[in-house]
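Read-outs throughout are calculated quantities, based only on the coordinates presented, and are distinct from any laboratory measurement. Note that the coordinates shown come from a computational prediction; the quantities given were computed from them, not determined experimentally. Positions of Cβ are generated from backbone atoms using ideal geometry, with glycine treated the same way; all protein chains shown enter the neighbour counts.
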Amino acid sequence: MIRLACLTCLSIALMACDSRQPADSDRKAASESEQEVAATAPTMPEDSHSSEPAGSDGPSPSGNGDGFSSTYAEFDIDACTITEQELEEGSYTEWKCPANRGVAIFAQDGDGRMDMDFGAEDDAFQTYGGFNNLGDTIEWRMKDGEPFAGIFRYSDATEQGKGRTILAVETIGTVSRPGCRLAQITGDTVNANNRAREIADGAFGRTGCGETRYIGEYAR
């Protein structure tokens, strides 16, 4: 009887194992199928821009549903042509730089302080108060692919301001209606790049700039 009972138990156990095998096999097959799907699923490409006026808040979106977008241009003052210069007291230098995306670029140096105009020269010399240099990148803000404003960066050239940067937002002008300075924003401002873009976009289609906005302790 004991032997018969043991044989009966063993038979039941074997049947239970056999009944689990298909489920285990199904789970294994499902797992392998999921792994194959994961391996072949497309991944989102990394968004990267090689250069930006300032890097406090990441790259600009290439475009969005309202038609505004950004593109970037390299800037090198050494590639510009001097059009006027005075090296005595109160020295100044004016440059005409290679156009980019059909936009004329002008730079001015007044006593160690720089200004930049887009589209046409602007008689108003606007700059950052300390001795400064121009950055090597211009960000064009565009509407439906056409530039309407430029964002560039000043770097403080003084010892006490070493490492300090200021973003400038300048509209693109014409001979009959020169551009103007919309804003200056210290580079360490939270979301400085996006603030600059928002200010530029908000002025699209507007005549004139009104008063220049200064954002941050060292923006002037």
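Between the listed residues G129, A203, I151, the Cα displaced farthest toward the positive end of the dipole of the stretch 68-215, a dipole computed from Cβ unit charges relative to the Cα centre, is found at A203.
Ranked by the mean number of other Cβ atoms within 10 Å of their residues, highest first, the peptides 166-174, 134-142 come out as 166-174, 134-142.
Counting neighbouring beta carbons within 10 Å and listing from fewest to most, the residues F131, F75 come out as F131, F75. Modelled spin labels at A157 and E86, positioned 7 Å past Cα toward Cβ, are 1.8 nm from each other.
Can you bin the stretch 68-215 into rounded, prolate or oblate? Criterion: square roots of the alpha carbon gyration tensor eigenvalues sorted a ≥ b ≥ c, rounded for a/c under 1.5, prolate for a/b above b/c, oblate for the rest. Since a/c reaches 1.5 but b/c is at least a/b, the shape of the stretch 68-215 is classed as oblate. Here the Karplus curve 6.51 cos²θ - 1.76 cosθ + 1.60, taken at θ = phi - 60°, turns the phi angles of the stretch 197-202 into couplings of 5, 4, 5, 4, 5, x Hz, with x standing for Gly and Pro.
In this label model, K96 and A79 are separated by 1.7 nm, measuring between points 7 Å along each Cα→Cβ vector.
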